[in-house]
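Worksheet: the structure to be examined is printed underneath.
The values are calculated or read from the model by the stated rules, or taken from the named source; none is laboratory data. Here the structure is a predicted model, which is why all the values come from computation and not from measurement. Positions of Cβ are generated from backbone atoms using ideal geometry, with glycine treated the same way; all protein chains shown enter the neighbour counts.
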Amino acid sequence: MVRIVLAVLVSLWTTYAVAGPREDALALYEKFFEYFRTDNHDQIMTVFSDDVLFIGTISPDLVTDPAGVREYFVRALSGTRGTVKSNVFEITATQLTEDVVLTTARWQSERTLDGKMTTNGPSRNSSVLHKRGDRWYIVQFHNSWKPK
């Protein structure tokens with residue numbers, strides 16, 4: 001019986017030890033793409049910090065406030081988009097400190113409307129995620145199309 005209890009405790013400790021800052025930051029990064037797919041501007045805004053540095057794919061300039069980021073996504077995601085998928089097909093995440101993680105990724109979106117699929121991308125993305133208090137936020141975000 002003691003061996004079973006010890007095995008369970010070791011198993012629980014190992015599971016807990018696997019999840020760390022890198023994994024927590026990546027979970028937030030995936031939330032961004034989940035919200036992007038649903039066109040929910042209010043949800044998208046929950047992943048960005050109040051002092052974000054943001055350059056979207058079609059941003060002419062650096063955006064430095066939440067209102068500007070929201071305006072970007074309202075403009076970028078407006079219109080009839082149909083069913084949207086976003087596929088992250090290459091991602092690296094580097095934990096810089098206990099509360100800062102840098103990500104780089106390649107991804108693309110696929111939109112299906114009236115049976116016709118359109119692919120945008122692939123795009124390149126770099127982000128810095130910072131844990132503030134008990135929450136992770138994207139504090140820096142840059143997205144651009146991959147040169148051909």
**Request:** Give the residues of the stretch 69-101 that are over 18 Å from residue 24 (Cα atoms), surrounded by 16 or more Cβ atoms within 10 Å (Cβ to Cβ) and at pLDDT 90 or above, sorted by residue number.
**Result:** 69, 70
**Prompt:** residue 47 passes all but one of (1) at pLDDT below 95; (2) in contact with a helix residue (DSSP H, G or I) (Cβ under 6 Å, 6 or more places away or on another chain); which number fails?
**Reply:** (1)
